[in-house]
Amino acid sequence: MAALAACQGTDDLSSSACLPLRAPAQVVLVQEAGLYTVRDAKTLVLAAHPRSSANDGFHGMQLVRVLPPGTRLHLERLQQAWGFDVGKGRISALGRVAGAGERFEYGWGGGTTIGRAPWEPASVPRLRTVACGD
């Protein structure tokens with residue numbers, strides 16, 4: 001098992017040209033989003049609204065607070081998880097809410113696909129292909 005644990009990690013994409021922005025960056029929400037706890041995780045999850053909350057109880061998600069459009073976010077790091085068994089995994093933006101300082105992780109996508117982030121305008125496609133780490 002110890003050998004398998006060494007075959008996973010994260011790549012820092014903060015200064016990579018494979019995503020539509022680089023970190024650190026300041027962005028402003030153009031749509032409402034929420035900060036959520038997920039079970040015992042210390043880092044909050046940022047999720048764009050509207051969203052289905054039908055399975056929140058099953059996943060242990062609970063709304064902490066709503067962030068209205070115009071809320072400023074400081075994105076501190078962009079990263080992608082990887083593993084020998086799954087290859088390229090979750091693409092995340094890690095940051096904090098300006099003023100309040102709450103730290104969060106935003107699951108931007110996975111593999112070679114990202115979605116429209118809540119700080120991106122509706123003119124951005126819902127899904128895009130990215131070539132990170134190729």
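The values are calculated or read from the model by the stated rules, or taken from the named source; none is laboratory data. A quick note: this is a predicted structure, and the numbers were derived from the prediction, not measured. Here the Cβ positions follow ideal geometry from the backbone for every residue, glycine too, while neighbour counts run over all protein chains shown. When the accessible area is computed, the model is the full protein with side chains, heavy atoms only, and any ligands, DNA or RNA have been set aside. Shrake-Rupley method; radii C 1.70, N 1.55, O 1.52, S 1.80 Å.
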- Note on the structure: Distance in nm between residue 113 and residue 12 label points, each 7 Å along Cα→Cβ, equals 3.0
- Using the heavy atoms of the protein chains alone and a 1.4 angstrom probe, what is the accessible area of the chain per residue in square angstrom? 57
- So what's the back-of-envelope 222 nm ellipticity for the chain, counting only DSSP H runs of four-plus at -39500 (n - 2.57) apiece and dividing by all residues, rounded to 500? -1000 deg cm²/dmol
- Item | Nearest-10 value in Å² for the accessible area of residue 128, using the 1.4 Å probe | 50
- Between the alpha carbon centres of the range 65-111 and the range 29-63 the gap in Å comes to 12
- Message: What distance in nm separates the two pseudo spin-label positions at residue 62 and residue 22, each 7 Å out from Cα along the beta-carbon direction?
- Response: 4.1
- With the full set of protein chains in place, find how many percent of the accessible area of the chain is carbon and sulfur; take the probe as 1.4 Å. 54
- Dipole check, the chain, charges on Cβ (K,R +1; D,E -1), about Cα centroid: among 53, 130, 71 the Cα furthest to the positive pole belongs to 71
- Item | the range 13-129, relative contact order in percent, only Cα pairs under 8 angstrom and at least six apart counted | 25
- Task: List the cysteines in the chain whose Cβ has no other cysteine Cβ under 4.7 Å from it.
- Result: 7
- Item | Backbone HN-Hα couplings from phi across the range 89-104 [Karplus 6.51/-1.76/1.60, Hz, Gly and Pro as x] | x, 4, 9, 10, 10, 10, x, 8, 7, 4, x, 6, x, 5, 7, 8
- Query: Going highest first, how would you order 101-110, 57-66, 32-41 by mean Cβ packing within 10 Å?
  - Reply: 101-110, 32-41, 57-66
- Task: For the chain, build the charge dipole from Cβ charges (+1 Lys, Arg; -1 Asp, Glu) around the Cα centre, then report which of 83, 115, 30 sits farthest towards its positive end.
- Result: 30
